[in-house]
Amino acid sequence: MAIAAAIEVEGLCRRYGRVVALDGLDLGVRTGEVFGLLGRNGAGKTTTIETLVGLQRPDAGRTRVLGLDPLREGLLLKQRIGVQLQEAVFHPYLKLGEALEFLGGFYPRRAETRRLLARTGLADQAAVMYGQLSGGQRRRFLLAIALVGEPELLILDEPTAGLDAHARADLWALIREARAGGRTVLLATHHLDEAESLCDRVAIIHHGRLLAQGAPSEVVGGGHARLEAAFLALTSDTAPPGGMQ
């Protein structure tokens, strides 16, 4: 029996002036899997994510997320997904608990605030202001915001950037918990050990094109022992074009 697609991307193109961010990208994420989006800086990962959540309008191509068009059906989609972008700005005097209570009101389902803060390593910090948080704590708070609506699909853009080893391990556990609960996770990461440990399948993109897609063991192939070696070979500017799919 075919597994339903949580994300479908066909021929996605996006340009910024003369810069080509996405060049006919094709991508498919299955419901209930952890899917890794891998690529060098500037490969098109963040543009892909921003297009999937309706923040960018593609120049060409077709995108469906949970069966919805991110641009035409954005409100319905946003009620069903949780997103942690690389950067977000909040008022420094905003208290964590108050922010989660407010944002939770936009969703038909919502996580209980104290439990959510505990799950993201911010227990007993409901009254703490955003401006008092360390860089790692801010990353945890962004994850709490992504989870506040009990999303079907969790989209994470470099969620472990700047986290210490303990915080990173905690986030890995949360991702595994989300998958075990039937959620789909799209994870953009530069940490290839992270992708190898967490992801059911991965896609490697380079200059806005798909080079490889499949289980980490399938992508490794070609005599490489680890995903990192395969990634370096595929994304080298001296590698032959096309990769594998």
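The Cα atoms of the stretch 1-50 cover 43, 20, 14 Å along the three principal axes, with the biggest extent listed first.
Counting 0.36 nm for each residue step from E150 to H190 and taking away their Cα separation leaves a gain of 11.8 nm. Taking all C-alpha pairs of the chain, those more than 22 Å from each other amount to 54 percent. Please sort by residue number the trypsin sites (Lys or Arg not before Pro) in the stretch 42-77 whose DSSP state is loop and whose Cβ has at most 16 other Cβ atoms within 10 Å. Of the trypsin sites (Lys or Arg not before Pro), the ones in loops of the stretch 42-77 whose Cβ has at most 16 other Cβ atoms within 10 Å are R72. Taking every DSSP beta bridge that has both ends in the chain, the antiparallel portion is near 55%. Calculated FRET efficiency, D124 and R15, Cβ-Cβ r, R0 45 Å, to nearest 0.05? Efficiency at R0 = 45 Å is approximately 0.40. Compactness of the stretch 177-227 was expressed as the Cα radius of gyration divided by 2.2 N^0.38 Å, which yields 1.20. Site pair R57 and A169 shows an inter-label distance of 4.8 nm when each label is modelled 7 Å from Cα along Cα→Cβ. Springs between alpha-carbon atoms under 10 Å, Gaussian network over the chain: tell me which of R139, R168, R209 tops the mean-square fluctuations. Judging by the Gaussian network model, the answer is R168.
Shape class of the stretch 93-185 from the alpha-carbon gyration tensor: oblate, with a/c at 1.5 or above and b/c at least as large as a/b. From its DSSP helices (H runs of at least four residues, each -39,500 (n - 2.57)), the chain gives a residue-normalised ellipticity at 222 nm of -9000 deg cm²/dmol. The label-point distance for L94 and T31, in a model that sets each label 7 Å from Cα toward Cβ, rounds to 3.3 nm. Under 1.5 on a/c is rounded, so check that first for the stretch 1-102, then, if it is not, pick prolate when a/b is larger than b/c and oblate when it is not; a ≥ b ≥ c are the square roots of the alpha carbon gyration tensor eigenvalues. The shape class here is oblate. Take the Cα of L75, step 7 Å toward its Cβ, do the same at A233, and the gap between the two points is 5.1 nm. Full extension of the chain segment joining E177 with R114 gains 20.9 nm, where the gain is 0.36 nm per residue of separation less the Cα-Cα distance. For the stretch 1-138, the solvent-accessible area works out to 54 Å² per residue, with a probe of 1.4 Å and every protein chain left in place.
Rolling a 1.4 Å probe over the protein heavy atoms of the chain, with every protein chain left in place, gives an accessible area that is 52 percent carbon and sulfur.
The values are calculated or read from the model by the stated rules, or taken from the named source; none is laboratory data. Being a predicted model, the structure only gives us computed values, none of them experimental. Backbone-built Cβ (ideal geometry, glycine too); neighbour counts: all protein chains shown. Each accessible area value is taken on the protein alone, full model and side chains, heavy atoms only, with ligands, DNA and RNA left out. Shrake-Rupley method; radii C 1.70, N 1.55, O 1.52, S 1.80 Å.
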